[in-house]
Every structure is written in structure tokens, then in C-alpha cells.
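The structure under discussion appears below in the form of C-alpha cells.
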């Protein structure tokens, strides 16, 4: 089984990616690498933040690794919160506050279309590749469901009537933005 470091401390993301990549790859977390650094996400794009995290780990530990950055892009808010999705309501990365701010900013706006987008930056032997996944949907008027994390309770993917948080982890892992980006990553890794 091949090993890859996933440059994240987010247990939810780690669990999702492990479920998608198993059994072909053993995914090593930053904690398992003994990396407890707070890696800055200071870029103004998802691609930039994903690369910052992957490059930090590659430079420090000299291991093949990948990192992701995800953003929720809401059409009526000109693409916000976008790259600032995790910190939309402030630097404490509070998902509940982020959702509340999003719903407040949309209020009764009838344009609820949104896109969840994930970009993965993979560094292998110093070579960088990007993988992108996007799912379209809409923002609900109120949160529902208790599965998932982040904006999952307010995001309803196209073709569904339930939020990601109502669909459950197994169904979300089949269709999500992260799943689509990871599938691109897997297709690349499997052709090698």
C-alpha cells in the first residue's frame, strides 16, 4: 500500500479522504507525521492556499504530500465567502457563526445558487499538480441535518432535496466537491 501525507489537521476532511482513497493508499495525517504547526493560509485563491500547505509539508519533511482548500461560492454574494469560507465570520473558524453570517447576508434573496469547490495540490518529488472538484447547488433558508461539517447543513446539491448534512457522510462522499477532486487525484495516481 502506498503512503501519502495529507496536509491537514481537520479530522472531518481526513476521514472523508481516507474513506475515498482506501484501500489503495494509506493516508498519513499531519499529527501522525508529528507536525502540529499552524500552516498559514494567506493566499487569495483556493489553489494558492492548497499549494502553501503542501509546499510547507514537502519542504519541512521531504515527503510526497497533498493539501486541499475548499470554498463555498455563492452567486448572490459575488462568490463569497470563497477562499475565506472557513473564516467568514472571523478567525476562530466557527462553523455555526459562518453559517449564520451566510444566511444573514442572503436574507430573503431568492438567488440561492452556490458552488462548493475543492482544489488539491499534490507534490511528488518536487513536482506540483492540481486537481479540482466542484458541485453545484443552492443555499437553504435554514440549516437542517446533523451529519457532516462546515456549511453542510445549508448546502443542497443539485438533484437533491436534502442538505449535505441530511444526506449523510456515505452519500456525500460519493458526490461532493472533495470527492470529485479526490477522484481526479486517484485517477492520476492509479495511472502511474
Alpha carbon Rg of region 1-57, scaled by the compact-globule rule 2.2 N^0.38 Å: 1.16
Paramagnetic reach from residue 12 in region 153-169 [backbone N under 14 Å; point 7 Å along Cα→Cβ]: 153-156, 163-169
Rounded tilt (10° steps) of 95-106 against the dominant C-alpha axis of the chain: 40
Residue of 70, 113, 42 that the Gaussian network model of the chain assigns the largest fluctuation, springs spanning Cα pairs under 10 Å: 42
Tilt relative to the chain, helix 11-21 - C-alpha long axis, 0 to 90 degrees, to 10: 70
Within a Gaussian network of the chain (alpha carbon springs, distance under 10 Å), most fluctuating of 181, 89, 11: 11
Residue with peak Gaussian network fluctuation, the chain [Cα springs, cutoff 10 Å], from 60, 138, 13: 60
Cα convex hull of region 86-180 - mean projected area over all directions, nm²: 7.2
Angle between the chain longest axis and helix 46-61 axis [Cα atoms, degrees, rounded to 10]: 30
Percent RCO, i.e. relative contact order, over the chain, from Cα pairs under 8 Å lying at least 6 residues apart: 18
Length released on extending from residue 124 to residue 47, taking residue separation times 0.36 nm less the Cα-Cα span: 26.1 nm
Percent of alpha-carbon pairs separated by more than 16 Å within region 153-192: 40
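Read-outs throughout are calculated quantities, based only on the coordinates presented, and are distinct from any laboratory measurement. Remember, it's a predicted structure, so these values are computed and weren't measured experimentally. Every residue, glycine among them, receives a Cβ derived from its backbone with ideal geometry; neighbour counts consider all protein chains shown.
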